[in-house]
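Notes follow the structure.
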Amino acid sequence: TTSQREVFATRGAFIFAAIGSAVGLGNIWRFPYVTYENGGGAFIIPYLVALLTAGIPLLFFDYAMGHRARGSAPLSFRMATKVAEPIGWFQTGVAIVIGIYYAAIIGWAGAYMIFSLNQAWGDDAETYFFGSFLKMGDPGVSMEFVPSILILVIIVWVITLGVLLGGVQAGIARFSKIFIPLLIILFLILVIRALFLPGAAAGLDALFTPDFAALADPKVWIAAYGQIFFSLSIAFGIMITYASYLKRKTNLTGSGLVVAFSNSGFEILAGIGVFAALGFMASASGAAVSDVATSGIGLAFVAFPTLISEMPGGNLFGFAFFACLVFAGLTSLISIVQVPIQALREKFGVGNKASILLVGGGMAIISILLMSTVTALYVLDTMDAFANNIGIVGAAVVGLIVVGWFARKLPALRDHLNAISSFKVGWFWMIILGGVTTLVLLYMLITQIITYATEGYGEYPALLIGVFGWGMIGLLIVAAIVLSLIRWPRRTIEEADEAI
Ligand code: PHE
Ligand code: NA
């Protein structure tokens with residue numbers, strides 16, 4: 001055909017890129033505290049249930065959608081059934097939102113690599129991070145900029161766009177092939193070092209001691225599904241896009257299992273490393289592990305710096321830890337920006353490089369502006385909560401209802417997977433996806449919407465939640481519908497038809 005669609009040269013290249021996308025900030029800072037807060041060792045049960053009943057089945061679903069139609073998220077949904085196209089655009093929008101704030105966290109981690117070398121935070125890591133570094137104001141919306149952060153975010157975007165301009169194989173795949181092995185080796189060294197710190201065992205006890213009562217709490221199950229979705233990069237359009245670059249005959253499910261188990265393996269490793277280190281910190285300061293285990297952003301940027309100051313060889317340990325965050329984050333950010341880039345190429349016939357500059361550049365500018373103000377952290381937190389808990393879950397459930405129930409495409413997707421893959425899927429996969437998982441996700445989505453609508457989010461002012469929470473979701477829905485009304489280039493649809 002005349003298509004200029006890019007390809008991954010080998011299955012290995014694809015697997016590295018997919019692992020690069022999956023292994024990210026979510027594994028290193030998010031998984032440890034989510035586990036700790038949701039039943040510790042007992043959390044492994046909902047986590048595994050979510051992985052097996054939603055994570056891996058949806059990963060296969062994404063692969064099948066993208067590979068079958070050879071298309072971006074909007075095109076792949078459009079080819080499943082016309083009315084599904086907005087779901088693809090909505091996922092693309094969620095990817096854009098996440099990319100906008102994810103870049104900022106990578107920038108902070110980059111700065112903290114350097115700060116580790118002389119422990120720039122002194123003896124108060126908390127005041128340093130929120131005050132001196134982010135210069136945070138009151139929760140709200142502000143146009144007051146912090147120049148040092150502005151520069152960091154710019155650097156992250158320059159690197160990201162540079163890699164993307166290299167293309168799918170020479171850019172994305174090659175970057176992951178270098179940095180993922182490096183990340184794994186470096187991280188293994190850190191974890192082993194942490195395990196030999198005095199007090200490490202107490203940290204592991206705190207993380208893994210099961211609180212089985214937690215299993216009766218629906219919030220714990222919601223947290224498990226949320227973690228799996230974010231962590232595996234599913235229902236963002238990423239895996240659809242990546243699968244579209246695979247050659248016709250590729251073992252899809254086999255690759256998916258490698259990616260899913262590598263991601264979970266890395267996550268558990270991170271949990272062990274982080275809590276061994278927190279155990280040491282607790283024992284050094286005579287506190288309980290529960291006192292030093294903060295959640296959220298504070299874990300990486302407050303608890304870890306404190307720890308780095310207390311441990312022998314902390315400077316180097318800190319440098320390596322933040323380097324891991326940067327490597328893990330960059331390979332994920334690259335994957336997310338590729339989603340809108342590919343969508344724009346197909347829908348508007350924009351050339352490859354032009355699309356990168358238009359979409360990537362646009363995202364970069366919004367990200368640089370939004371994430372360098374004194375209120376960036378509140379904006380980030382709000383966008384993160386709504387994009388993940390409503391956006392991703394909503395896109396997944398509506399996608400399953402429309403493609404599975406309404407268009408009845410699950411059997412065709414199953415046949416597509418089975419024709420080329422080593423691990424076969426059958427009725428179990430269809431029932432899980434079309435039945436149990438859809439219902440669980442629907443329940444989660446409704447509960448979440450009711451919670452945010454009645455209780456708000458955090459202690460944040462209505463303007464913040466209105467603009468960056470509900471407003472953002474509303475804007476994505478409207479944009480998704482409008483974009484779906486625009487006609488596709490005829491050749492794009494012909495080629496996708498031919499592919500199917
Ligand atoms: N899987 C990523 C992680 O665990 C999530 C992600 C991917 C977020 C790509 C943004 C972009 O961190
Ligand atoms: Na992950």
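The values are calculated or read from the model by the stated rules, or taken from the named source; none is laboratory data. Since we're looking at a predicted model, the values are computed, not measured. Don't worry about glycine lacking a Cβ; one is built from the backbone with ideal geometry, like all the others, and counts go over all protein chains shown.
Tabulated data for the structure shown
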{"read-out": "Qualifying residue in the range 263-270 (condition: aromatic (Phe, Trp, Tyr), away from ligand 1 (no atom under 16 Å from the Cβ) and in contact with a helix residue (DSSP H, G or I) (Cβ under 7 Å, 6 or more places away or on another chain))", "value": "no"}
{"read-out": "Number of the exception - residue 135 against (1) in contact with an Asp or Glu (Cβ under 9 Å, 6 or more places away or on another chain); (2) part of a helix (DSSP H, G or I)", "value": "(2)"}
{"read-out": "Index of the failed condition, residue 364 passing every other in (1) surrounded by fewer than 24 Cβ atoms within 10 Å (Cβ to Cβ); (2) more than 29 Å from residue 77 (Cβ to Cβ)", "value": "(2)"}
{"read-out": "Qualifying position, being among the β-branched types (Val, Ile, Thr), more than 16 Å from ligand 1 (Cβ to nearest atom), in contact with a Gly (Cβ under 9 Å, 6 or more places away or on another chain) and not in a loop (DSSP other than H, G, I, E, B), among 56, 45", "value": "45"}
{"read-out": "Condition check for residue 28: within 16 Å of ligand 1 (Cβ to nearest atom) and at pLDDT 95 or above", "value": "no"}
{"read-out": "Members of the range 457-474 that are over 17 Å from residue 380 (Cβ atoms) and either at pLDDT 95 or above or surrounded by 14 or more Cβ atoms within 10 Å (Cβ to Cβ) (or both)", "value": "474"}
{"read-out": "Some residue of the range 206-223 being within 16 Å of ligand 2 (Cβ to nearest atom) and closer than 22 Å to residue 40 by Cβ", "value": "yes"}
{"read-out": "Residue that is farthest from residue 278 (Cα to Cα), among those in the range 201-248 that are small (Gly, Ala, Ser) and surrounded by fewer than 24 Cβ atoms within 10 Å (Cβ to Cβ)", "value": "216"}
{"read-out": "Test result for residue 35, among the hydroxyl-bearing types (Ser, Thr, Tyr), more than 25 Å from residue 253 (Cα to Cα) and without any contact (Cβ under 8 Å) to a residue 40 or more places away in the chain", "value": "no"}
{"read-out": "Pairs where the first residue, in the range 231-259, is within 24 Å of residue 387 (Cα to Cα) and part of a helix (DSSP H, G or I) and the second is of a type in the set (Gly, Ala, Ser) and away from ligand 1 (no atom under 14 Å from the Cβ), C-beta under 6 Å, 6+ apart", "value": "240/66; 240/76; 241/72; 243/66"}
{"read-out": "Helices (runs of 4 or more DSSP H) within the range 389-461 that include 3 or more residues in contact with a helix residue (DSSP H, G or I) (Cβ under 7 Å, 6 or more places away or on another chain) and touching a residue at least 60 places away in the same chain (Cβ under 8 Å)", "value": "393-399, 410-420, 438-455"}
{"read-out": "Per-region count, the range 26-55, residues surrounded by fewer than 21 Cβ atoms within 10 Å (Cβ to Cβ) and within 16 Å of ligand 2 (Cβ to nearest atom)", "value": "1"}
{"read-out": "The lone exception for residue 340 - which of (1) closer than 29 Å to residue 131 by Cβ; (2) touching a residue at least 40 places away in the same chain (Cβ under 8 Å); (3) buried (at least 24 other Cβ atoms within 10 Å of the Cβ); (4) away from ligand 2 (no atom under 16 Å from the Cβ) it fails", "value": "(1)"}
